[in-house]
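Every number in this text was worked out from the coordinates using simple rules, so none of it is lab data. Worth saying up front: this structure is predicted, and the values here are computed from it rather than measured. Here Cβ is always computed from backbone atoms with ideal geometry, including for glycine, and neighbour counts include all displayed protein chains.
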């Protein structure tokens, strides 16, 4: 791997042809890129942007020569990378297989193969874990996970950062629906008993709070930050001040969710909101429709996303700079941001060259946007996976993703 591969990868990532939702963000401040020598790549911006170190640290490098020789479609069938595993086989909708790279420069896996099976049904995944057909089971509901851990002796391992469950409110400044009033959004937050959700629904495997892609330890996190308290009386008072529901010509609030565990989460919130007098309709849609509404900026008053609610449950991150651009700035794809002060604070935090000042500015930015109630954190969920006794210690990169951690799994 050389700087030519890095340039090829970054140029492709930032190109007009890229379908990656982050590409536009890179293009906004990119002047040009160059290869200085085989081991030096230089990225020129129009204005200072020290936080570019974050996405570059995560960019997976493509092999320029091989990619250009075989083309995109063939590369997708037979990918080549620089990691500790080599691609073996992909069976669409069924499985894919990796083999250990025994000459890897950093870490040689102790296991020869990884086989990833696509098994949609939870009970089938659990059965395969019990019979020894698989050694790692993902996507297991809290009830089943606790049962398998406490009654059957399976181990759990936390992989990655906490999963942040939050809700977002697109187009608050253009809608005549109730979510356009910040008092209604705040009331919806105060109506939620987060501790009860953690203790019952998640059986102690979650904690109240979290912010959009932020958790304790994230860049700029302030230890004094707390989740909104459970205060249904204050919620009712705010709703009365807002004139809810009669002050709104269109009283409809929809909560868009896809099939799966998100429906149970939605019904929990729906119950809390109903208890203070807020009517929210659940709309179950397919993932393509959901993604089209949440990942494409649309702030027309009659757009289906505007004035409604979108949940998001995903792993947090050590640095939320680029995720926050999409949630809180006036160019973000989630259609939630439209505040001049937020835009200015974001620019100040991401262009400051002094690290300590930049981190403080980032804290101030995130503290300010929290007051706008564009996004509301619900709980932080432990990122547990179930494993069999055929696996030993997970020694590296547990703070990232499972595929980063696989090479560091020891034999028992």
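Gyration tensor analysis over the Cα atoms of the stretch 163-381 returns equivalent ellipsoid semi-axes of 26, 21, 17 Å (largest first, whole Å). Once you reduce the stretch 93-147 and the stretch 1-49 to the center of their Cα atoms, the two points are 34 Å from each other. Beta-bridge orientation, the chain: approximately 90 percent antiparallel, per DSSP, counting only bridges with both partners inside. The protection proxy used here, the mean number of other Cβ atoms lying within 10 Å of each residue, ranks peptides 178-185, 354-361, 201-208 as follows, highest first: 178-185, 201-208, 354-361. Is the shape of the stretch 12-84 best called rounded, prolate or oblate, per the rule: a/c under 1.5 gives rounded, else a/b larger than b/c gives prolate, else oblate, with a ≥ b ≥ c the square roots of the Cα gyration tensor eigenvalues? Prolate is the answer for the stretch 12-84, as a/c is 1.5 or above and a/b outweighs b/c.
One chain, two ends: residue 298 and residue 390. Fully extended at 0.36 nm per residue, the span grows by 28.2 nm beyond their Cα-Cα distance. In a solvent-free Debye calculation with one equal scatterer on each Cα, what is log10 I(q)/I(0) for the stretch 1-158 at q = 0.08, 0.17, 0.19, 0.20 Å⁻¹, listed in the order of the q values? For the stretch 1-158, the Cα-only Debye profile gives -0.38, -1.10, -1.20, -1.26. Taking Kirkwood radius over Cα pairs in Å as calculated from this structure, the corresponding entry among [x] 22.9; [y] 23.6; [z] 25.0 is [y]. Based on Cα contacts under 8 Å between residues 6+ apart, the stretch 173-257 shows a relative contact order of 46 percent. Computed from the Cβ-Cβ distance with R0 of 35 Å, the FRET efficiency linking residue 410 to residue 69 stands at 0.40.
Shape of the stretch 64-134 from the C-alpha gyration tensor: oblate (a/c of 1.5 or more and a/b not above b/c, with a ≥ b ≥ c the square roots of its eigenvalues).
In percent, what relative contact order does the chain have, based on Cα pairs under 8 Å that are 6 or more apart in sequence?
That works out to 22 percent.
For the stretch 325-388, the relative contact order comes to 23 percent (Cα pairs under 8 Å, sequence separation of at least 6). Length gained on full extension, residue 241 to residue 97: 46.0 nm, using 0.36 nm per residue less the C-alpha separation.
Tell me, 214, 1, 123 in order of fewest to most beta-carbon neighbours within 10 Å? Please list the in-between numbers first.
Numbers: 214 30, 1 15, 123 9.
Lowest count first: 123, 1, 214.
Dividing the radius of gyration of the alpha carbons in the stretch 197-254 by their Kirkwood radius gives 1.12 for Rg/Rh.
With each label modelled as a point 7 angstrom along the Cα→C-beta vector, the residue 399-residue 12 pair spans 2.9 nm. Cβ-Cβ distance of residue 234 and residue 364, R₀ of 25 Å, FRET efficiency by 1/(1 + (r/R0)^6): the value works out to about 0.45.
When the chain is treated as a GNM with alpha-carbon contacts under 10 Å, the residue of 47, 172, 371 showing the greatest mean-square fluctuation is 47.
Between residue 225 and residue 344, residue separation times 0.36 nm minus the direct Cα-Cα distance comes to 40.6 nm. Summarising the strand pairing of the stretch 163-381, around 75 percent of its internal DSSP beta bridges are antiparallel.
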